[in-house]
1. Please find, within segment A:395-448, the residue that is farthest from A:D299 (Cα to Cα) out of those that are hydroxyl-bearing (S, T, Y) and touching a strand residue (DSSP E or B) at 6+ places or on another chain (Cβ under 9 Å).
2. Can you name the condition, by its number, that A:I150 falls short on among (1) more than 31 Å from the chain's Cα centre (by Cα); (2) touching a residue at least 60 places away in the same chain (Cβ under 8 Å)?
3. Taking the condition more than 21 Å from A:V616 (Cβ to Cβ) and surrounded by 21 or more Cβ atoms within 10 Å (Cβ to Cβ), does A:A532 pass?
4. Mind checking which residues of segment B:117-128 are more than 7 Å from every other protein chain (Cβ to nearest Cβ), in a helix (DSSP H, G or I) and under 20 Å from A:Y684 (Cβ atoms)?
5. Regarding segment A:245-254, can at least one residue be identified that is on the phi > 0 side of the Ramachandran plot and surrounded by fewer than 20 Cβ atoms within 10 Å (Cβ to Cβ)?
6. Does segment A:671-697 hold any residues that are more than 10 Å from chain B (Cβ to nearest Cβ) and among the hydroxyl-bearing types (S, T, Y), and which are they?
7. Of all residues in segment A:184-218, which are among the aliphatic types (A, V, I, L, M) and within 16 Å of A:G161 (Cβ to Cβ)?
8. Failed condition for B:C131, given (1) at the interface with chain A (Cβ under 9 Å from one of its Cβ atoms); (2) touching an Asp or Glu at 6+ places or on another chain (Cβ under 9 Å); (3) outside any helix (DSSP H, G or I), with all others met?
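Just so you know, all these numbers are worked out from the coordinates, no wet-lab data involved. Given the structure is predicted, the values throughout are model-derived calculations rather than measurements. In this analysis, Cβ positions are derived from the backbone assuming ideal geometry, glycine residues included, and neighbour counts consider all displayed protein chains.
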Amino acid sequence: MSRFGKIARRSFLIGSAAVVGGVAFGVYKAKTPFPNPNLDDLAPGSASFNPWVIIDSDKITLIAPHADKGQGIFSAQAAMIAEELDVALDDVEISFGVPDRAYYNTAAMDAMAGYPMYDNSPAAERMRGVLGGVIKLVMPMMATGGSSAIPDSYDKLREAGAIARETLKLAASQNTGVPVDQLKTEGGAVLFPDGSAVKYTELAELASTIDPVTDVTLRDPKEWKILGKPMKRADMVAKSTGTLQYGIDFRTEGMLHATVKMNPRQGGALNSYDASAAENMRGVKKILPVQNGVAVVADNTWRAIQAANTITFDWGPAPYPAEQDDHWHTLAGAFSEEFLNADARTVGDAGAAEGTSVIGEYRSPYLAHAPLEPLNATVLVTDDRVDIWTGHQIQTMLEQRVADITGHDVENVHLHNMFMGGSFGHRLEFGFVDQAAEIANQIRGTPVQLTYSREEDFAHDYPRHITMGRGVAKVKDGKVNALDVQIAGQSVMKSQMGRIGMSLPGPDAQLHEGAWDAPYFNLLNLRVRSYAVENLAPVSSWRAVGAGPNVFIYETLLDEAIHAAGADPLMERIRLMGHEPSVKVLEAVGDMCNWAGADLGNGRGRGVAYGFSFGVPVATIVEVVNTDDAIKLEKVWVAGDVGKVIDPVNLDNLAKGGTVFGLGHAMNCEITYSDGMAEQANYYDFEAMRLNQCPEIEFRALENGEKIRGFGEPPIPPSAPALGNAIFAATGKRIREMPFNKHIDFV
Amino acid sequence: MKLTVNGTPHEVSVEEDMPLLWVLRDELGVTGVKYGCGVAQCGACTVTLNGEAVRSCQVPAADLEGAEVTTIEGLGTPDNLHIVQQAWEKHQVAQCGYCQSGQIMQAAAFLSQNPNPTDADIDDAMSGNLCRCGTYPRIREAVKDAASMLQGA
């Protein structure tokens, strides 16, 4: 297996003898003007051709800067570099590297250019280019999210590998006089025409003294030896043997354990507290204030949690409606011009279109992220520097926030990003790291690991935004003639950005994402409008963000319309679909299940749904049977098009896992508020799916899309409506609200 | 009290009600066992206690005198994988991996008692272990494969 490397950051002074081997590098071809952070502390004789490759006399280190929440990007990034560098993954060390603007995400903004992701017209591409340039200048942010890590990495990392390879060849040529065009590379070595070879590690010192080759050509995918083939993930053995260190497993000499208690009415005040009982409990070292709460520092996590549970509090009220019904009432009252977020799409005239009306109202609840590793961060503050060990999706911004808390220059704040035990968007938030920094800053010199109890994690999860949809469809002559989709939701982007002191310019696209850009181009009349409210519970990006609720609304309404028209749910979607890769995923999923209609008789039914999110079309068919006891999920077929498959094994795992995630929450989960507090406190009332409910799932990957895309989120949106539509086909019962188990029982 | 963890004897002096999970993680530094829920709902803390799979968050220290505990670290190592771990690697089960220590310990204990399980047996045995990433299809395949490998062994 490959090894996990650690890069000590800036441990040497620039300009000292220690970096003689590294400072001579010139400009490299990667599309970033930022200096290569690896050069800051490069050991003598080591070469770093760009931010992603370091070679010294004993090893090759590949930097995989995108955060790994479980999606496998750690391994995938290394594979992209290795493909062009001609090294085996087993022979390299892989490291998350150090947070640096050189690793800023160039793909994350693509979705925000105001054009649908399928639109690759010159105007759309120009806008994406402008936006990318602005971000580079204004806020070059290192971030992993929005299913953007693969598209962000694909060209940059292969290019990084190719630059390193060509530079090593040049070094070998200079050393031997053999022309570069007679040199080949394989297995981490340069091969000479006479059959002899020299290892990259032996060339590192010489290579470090020449300017990296800037003119490289990427290989045709037909020549790939690693990419596109089934891979073994670099973290798999460690994750199967308990040897992988997550943030919560970090241990260091003298480390104390802490936990926090904050107002369970999120954002409400802390009026007073009494911690006298906690102070004398065994192992308790300190009781410290943190923003809006109290931390207990002890010598053991359990002791800290036990002590925190004895503290009594007087909390202020919630800054949002205390009761869940009022959240729904707020949304029900938001379908008016006053709350208009965007007239997102108008085709024809959905209001005036002819046909029989089909009307529906749909609800998508709050949902906790609840990754299995509770929120935690370890921080050590000294007068000179701050070290942070945690898993986070926005690395550079995290360092700045901690610098603001502790008063250090950001150059002296060092995040050591860790593998995450899931995130689903939870680790886009900063509160837990802020608190760990606040605690550690009050006991400088002592490392402190802050761990949320599971109950605290649930109470302070900023959940998926609550959404209500209202739809009117018109059907005529056996066809769907019009859709009018209106969506009201708590603005997720305003809530999330507000917590980091940023405002959202313009409307919140997440409130219509997945609905306004569903490429049913042959639908003659369509209107998509969204309405935003901001006074409900604080919310955050939850895997697939807006497309989750919006595709549920859109595809359930569409299914109702197709049924009313007497058409076939798969065939009518194919007829309406104008986007070729999307047609192909619908055809593929039909082919996979030998589609023969939705109603299979004897209480057995199939539901179809299509979702377009993060540039990826996905079609899902769910088959259920209505048993004597309840609904049983029998089988699911999923087809998705990511443009280019990097690792078919991991992609298959993401497709199935994402489908389980989407189905499980649609069936079983919601967060509701009472007395201003989330009523769900642990997994016993937020189970999602367990193994006994998991259907057999079959997945097919297609590669017809023009651009490479990420697949961490796209399987989620169509899974919920596909299940709801299947339940209708099996039972005749139309469920318009998640979770479905409020309306029907599952086996 | 005295207990043995992965073959190594230890003596710890803790409260009688401190759960085994925290004895392992915070007193003995054995971090392969994971904290997920603290209330026996997720299974991430599964270890074997005298050969039986248990949720270590529910075992008080008072019950540990003379106990033999095996955690994921004691089942196999990266260089010497247990058959269940081999199956996990072969089927590339993990995504985030945080639940997998518990899944593997549960599967290993289950297969040692039921070496030839039906699909329903597997569902029953493994449904107490939550996986938030949804790796269940691969867990099923890996357990079945491990069972057949154990039969052949």
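1. At the first step, the residues of segment A:395-448 found to be hydroxyl-bearing (S, T, Y) are A:396, A:406, A:423, A:446.
Among the residues that remain, those that are also touching a strand residue (DSSP E or B) at 6+ places or on another chain (Cβ under 9 Å) are: A:396, A:406, A:446.
Values: A:T396: 30, A:T406: 23, A:T446: 12 Å.
Of everything passing the filter in segment A:395-448, A:T396 is farthest from A:D299 (Cα to Cα).
2. Failing condition for A:I150: (1).
3. Working: more than 21 Å from A:V616 (Cβ to Cβ): yes; surrounded by 21 or more Cβ atoms within 10 Å (Cβ to Cβ): yes.
It is true that A:A532 is more than 21 Å from A:V616 (Cβ to Cβ) and surrounded by 21 or more Cβ atoms within 10 Å (Cβ to Cβ).
4. Keep residues of segment B:117-128 that are more than 7 Å from every other protein chain (Cβ to nearest Cβ), which gives B:117-122, B:124-125, B:128.
From what is left, the residues that are in a helix (DSSP H, G or I) are B:119-122, B:124-125.
B:D124, B:A125 - these are the residues of segment B:117-128 that are more than 7 Å from every other protein chain (Cβ to nearest Cβ), in a helix (DSSP H, G or I) and under 20 Å from A:Y684 (Cβ atoms).
5. Taking segment A:245-254 first, the residues on the phi > 0 side of the Ramachandran plot are A:254.
Subset that is surrounded by fewer than 20 Cβ atoms within 10 Å (Cβ to Cβ): A:254.
Yes: segment A:245-254 contains one or more residues that are on the phi > 0 side of the Ramachandran plot and surrounded by fewer than 20 Cβ atoms within 10 Å (Cβ to Cβ).
6. Here is the first cut: in segment A:671-697, the ones more than 10 Å from chain B (Cβ to nearest Cβ) are A:671-680.
Answer for segment A:671-697, where residues must be more than 10 Å from chain B (Cβ to nearest Cβ) and among the hydroxyl-bearing types (S, T, Y): A:T672, A:Y673, A:S674.
7. The first filter runs over segment A:184-218 and keeps only residues among the aliphatic types (A, V, I, L, M), leaving A:189-191, A:197-198, A:203-204, A:206-207, A:210, A:213, A:216, A:218.
Hits for segment A:184-218 are A:A189, A:V190, A:L203, A:A204, A:A207, A:V213, A:V216, A:L218.
8. Only one criterion in (1) at the interface with chain A (Cβ under 9 Å from one of its Cβ atoms); (2) touching an Asp or Glu at 6+ places or on another chain (Cβ under 9 Å); (3) outside any helix (DSSP H, G or I) is unmet by B:C131, namely (2).
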